[in-house]
Every structure is written in C-alpha cells, then in structure tokens.
Amino acid sequence: MARRLRTPEGYRFAGSVRPLSLGHHDPCGHFVGAEFWLAARTPEGPGTLQLSPEGGELLATGYGAGAQWLVDHADSVAGLRDDVTGFAPLAAAHPLVARLAATFHGLRIPATGLIFPRLLRAVLEQKVTGREAHRAYRAICRHFGEPAPGPVPLLLPPDPAAVAATPYWTFHPFGVEQRRTQALLRAAGAAARLERCADSAEATRRMTAIPGIGPWTAAEVVRVAYGDPDAVSVGDFHIPNAVAWALAGEARGTDARMLELLEPFRGHRGRVCELLAAGGIAAPRFGPRMPIRSFARF
C-alpha cells in the first residue's frame, strides 16, 4: 500500500514531522535513517506508516489493517495539508517573526487525525519536567505494548479501552501520581467520543469538559491531531516568557500578555510560537531548573 506525495519547494521533512515523536527512544514512532515510521490505531485497525523522502517527493507506505487509512492521510501526517496562505502578511508585522518565517518557511504543521496518542503524552506532560513525562510515556507504552505491523520494531500506542480499565495504582511505578493518572483514565474513557470530533474547536470543548484537562493540554493535542496553527498553549511554564521576550523585549510574561502580543497573528498564533521554538528563542533564565522527581517510591 503506497502513495507518492509532492512536497513544496523548501519543505523540511524532518522538522515538520518531529512533533509526532519523542525521538529515537519513542517506542511508537521515530526516524530510521532518513525515513520516519509511525505506528497508529486507525479507525480501520492497527497500522504503521513509513514516510521516505525521495528528491522532491515523499513515498508513503502503509502496513497492517490500517494501511489504507494511513496512506490516505499521509499528506496530512507529513504536514502537506497545512495551509500557510495569509501568514506572510501577518508575519511582516514584526521583524523577528518575519525573519523566522523566512528562515523556516519549509516547516509545516502535521495533522494525524488521531487524538488519544497525543492526549496521552499531553496529560503526562502536565506540571512536570519533560524528562519525567517522557520517561513515564515510554514506560506506559511498553506496559500496554502490542507490536505494530511492518518490518520496523514499533509498538502501537496504548489502547484507550485498556488504559481506562486499569486501576490508577498501576501507573504509580511509572512515575505518574494520582492526579495525572485520574485525568488520563477519564480521557481514555472518553477517547471514542473525542476521536469523532469534527474539528479542533469541538475537540477542545470536549477535552476541557473532562476534569483534569485544561486549555494547555487541549492546545497541545489539537495542534498535532488537527494541525491547528492557532492553538496556543495557555498555561505553559516557558512559552509566555518566550513570547514576551521575543515580541516585546520583556523577560517575563503572563498568559494575558502573551495573548495580547500574539493577537496580531490570530489564525496563526500557534505557528508563531512554533517558529520561536524552532529559532531557539527563549527568555533569560534567572533561577535553577526544576528538579527531576520520581513518584514511583512513594
């Protein structure tokens, strides 16, 4: 099951699909050489998508029961449905944003069409360091692990029904305390309804109605599941400061100030945040890093 995809001039394949994986240690998807492999539970069954860059094209190959679904959505997964129309005039309103937009014009926002895999990660990333969250994510994927179809050894993302049926104390050795675990179990129980959402607005409303899931978590999900270029992670520890520093020269910023500064870019506010991250733009640090903790022994 294969399909060839044309890519726009200057398209950055690796940078565009990087948000879909935690890197080589992600058991559900990573690069193998120049190829990107992603395991998924599709509406048609489990499958694996292989994306191989070949000159100005991508070769999309699917494996398993979900192969056809994945190949049909491969251009979306690769970010090739991302519509940047109208962004250039908005970017021109600020010299730094204009420069970053030109430098990273080949980056596209992917859209997997699948909510729960990213929701799992986002819940685990709440209020902890990235290292803690990613360690827990890998442990949970391995605990619920089922081999994905295809020649590369990947695991399918956890089945939300299996997650929802698991008692919360099972997650404790993975370094996940009761608060995040309960949010995850509620999200897993609602996963089937969430996957039927028509767009990012409906998905955001449904997700934020679940106790333990707020605007930050929802934005992290819809930016990847729907490729929403306007999704802003309100409540993030770093992004308000980065936006305030980049756009106004202010070393610290609140969510309100971030949204005020991003307002001229409405429709692409999340894209602006992604460009700042791609450009390595960060506010000055004045304190120590958050310590790495473990809940597994308590």
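Observations on the model:
- Relative to one another, the C-alpha centroids of the range 132-155 and the range 173-200 are positioned 17 Å apart.
- Nitroxide proxy distance, nm - points 7 Å out along Cα→Cβ at Ala14 and Ala201: 3.9
- Convex hull volume of the range 239-278 per residue (C-alpha atoms, cubic angstrom): 53
- For Glu250, nonlocal amide neighbours, meaning residues 5 or more places apart or on other chains whose placed amide H falls under 5 Å from its own, are Trp245.
- Under the criterion of Cα pairs below 8 Å and six or more residues apart, the relative contact order for the chain equals 17 percent.
- Remark: the chain carries a charge dipole of roughly 840 debye about the Cα centre, counting +1 on each Lys and Arg Cβ and -1 on each Asp and Glu Cβ.
- Full-extension gain in nm, Ala282 to Glu250, via 0.36 nm per residue minus C-alpha separation: 10.4 nm
Taken together, the values in this text are just the output of simple stated rules run on the coordinates, not laboratory data. These figures come from a predicted structure and were not determined experimentally. For neighbour counting, all protein chains shown are included, and Cβ atoms are generated from backbone atoms with ideal geometry for every residue, glycine included.
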